[in-house]
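Asks: Have a look at the structure that comes next, please.
The values are calculated or read from the model by the stated rules, or taken from the named source; none is laboratory data. Treat the numbers as computed from the prediction; the structure is a model and nothing was measured. All Cβ positions, even for glycine, are placed from backbone atoms using ideal geometry, and neighbour counts span all protein chains on display.
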2 protein chains.
Amino acid sequence: MTSTEHQQPAERIVDRPGAKGAASKPAIGARPTRQRRAVVDALAAAEVFHSAQEIHAQLERRRAQVGLTTVYRTLQALAELGEVDVLVRGDGETVYRRCSAGHHHHLVCRSCGRTVEIEGPAVEAWARRTAQEHGFAQVEHTLEIFGVCADCAGQAL
Amino acid sequence: MTSTEHQQPAERIVDRPGAKGAASKPAIGARPTRQRRAVVDALAAAEVFHSAQEIHAQLERRRAQVGLTTVYRTLQALAELGEVDVLVRGDGETVYRRCSAGHHHHLVCRSCGRTVEIEGPAVEAWARRTAQEHGFAQVEHTLEIFGVCADCAGQAL
DNA sequence: GCGCACTTGACAACGATTTTCAATACCCCT
DNA sequence: AGGGGTATTGAAAATCGTTGTCAAGTGCGC
């Protein structure tokens, strides 16, 4: 993830826009629709990162009637609002997961996908310092750790 | 441009296989062909990460007659041999760059693409320790820092 | 020289994502 | 409550990077 921070009510996208002091235009019209709620709910229930396609398939199984296009759009919007984490898998597929507000990284199980959010103030500082030393500004960074969790390792996969 | 970087024979892929004690099979037949040399040369000259398509386009401009498929295959082979770094850009495109041997990370300029290889023993240790704390084994990690280099920042892009 | 395995490359196939665009749903205003 | 305009949806087509196919080409050991 990037060091840019976001903290907002986790579901602006399905909130009524009316009541709030219309200061900034949301990334999307922000109208609470059945489809958006379905996507948000699916994410809320998910423990691991999922691709748009996976979420769409899951909704279909659940007879939720949401178009693939809409799933993509909703996920993009949520990502822009910083309400979900985005990860580009090695194979190029983009995956999403609900996340806590602040800046954090991930420890992901290669086998079952279980994900632990982690923080590393020391690493943040190191990254910033290193970039500065080389004259770089507007620094962001990505850091993900992959491994095999205890459960999966136990099952001698 | 800050040249004077590491120069290694980093071209196993075009070396004759004969002489070496045929212990392990290379990721590719390792026959030195005009096409492979062209790709390796293009990488040797490159200062920044490039996609297969970009390299192919460049070779074409240079009238080097190398098929796109071959560029892809050669880059994959080089990556498997660890002779180039692979990065999956945010948009999912895979990019390559020649690199020094050991484990390292990158500091990349968002504007011009200039890349600095960096090391962070402390970070390595931290990652390992953190993973262990959560019971994860077979740990790997990815870490890239993005920013705007001094030159680009100066030009008020 | 021969022959065969390694390579190549044009093209088709793929799969994820985006775009298009017409139909629909929703909300504000009167 | 109804109108109207805008946000939203979604099916299908278009993109686009990448991989698979397979016949033709090439290099190297023998």
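Asks: Has region A:97-117 got any residue that is more than 16 Å from DNA strand C (Cβ to nearest atom), polar (S, T, N, Q) and surrounded by 14 or more Cβ atoms within 10 Å (Cβ to Cβ)?
Replies: yes
Asks: Among the residues of region A:88-102, which ones are more than 10 Å from every other protein chain (Cβ to nearest Cβ) and under 17 Å from A:Gly113 (Cβ atoms)?
Replies: A:Val95, A:Tyr96, A:Arg97, A:Arg98, A:Cys99
Asks: Could you run through region A:125-136 and say how many residues are within 7 Å of chain B (Cβ to nearest Cβ) and either touching a residue at least 12 places away in the same chain (Cβ under 8 Å) or loosely packed, with under 13 Cβ neighbours inside 10 Å (or both)?
Replies: 1
Asks: Can you tell me which residues in region A:141-156 are surrounded by fewer than 16 Cβ atoms within 10 Å (Cβ to Cβ) and at the interface with another protein chain (Cβ under 7 Å from one of its Cβ atoms)?
Replies: A:Ala150
Asks: While we're on this one: Quick test for you: out of B:Glu83, B:Glu54, pick the one residue that is over 19 Å from B:Cys112 (Cα atoms) and either more than 14 Å from chain A (Cβ to nearest Cβ) or more than 12 Å from DNA strand C (Cβ to nearest atom) (or both).
Replies: Being over 19 Å from B:Cys112 (Cα atoms) and either more than 14 Å from chain A (Cβ to nearest Cβ) or more than 12 Å from DNA strand C (Cβ to nearest atom) (or both) holds for just one of B:Glu83, B:Glu54, which is B:Glu83.
Asks: Return only the number of the condition from (1) in contact (Cβ under 8 Å) with a residue 12 or more places away in the chain; (2) more than 22 Å from B:Thr33 (Cβ to Cβ); (3) among the β-branched types (Val, Ile, Thr) that B:Val88 does not satisfy.
Replies: (1)
Asks: Here's a follow-up. Pick from A:Val139, A:Val86: which is assigned to a strand (DSSP E or B) and within 13 Å of the chain's Cα centre (by Cα)?
Replies: Just a single option satisfies the conditions, and that option is A:Val86.
Asks: Another question about this same structure. Spot the failing condition for A:Gln76; the list is (1) away from every other protein chain (no Cβ under 11 Å); (2) not in a helix (DSSP H, G or I), and only one is missed.
Replies: Only one criterion in (1) away from every other protein chain (no Cβ under 11 Å); (2) not in a helix (DSSP H, G or I) is unmet by A:Gln76, namely (2).
Asks: Of all residues in region B:67-98, which are among the hydrophobic types (A, V, I, L, M, F, W, C) and closer than 12 Å to B:Val40 by Cα?
Replies: Within region B:67-98, B:Val71, B:Leu75, B:Ala77, B:Leu78, B:Ala79, B:Val84 meet the criteria.
Asks: A further question follows. For A:Glu47, state whether it is at pLDDT below 95, more than 13 Å from chain B (Cβ to nearest Cβ) and under 30 Å from B:Gly135 (Cα atoms).
Replies: Against the criterion (at pLDDT below 95, more than 13 Å from chain B (Cβ to nearest Cβ) and under 30 Å from B:Gly135 (Cα atoms)), A:Glu47 qualifies.
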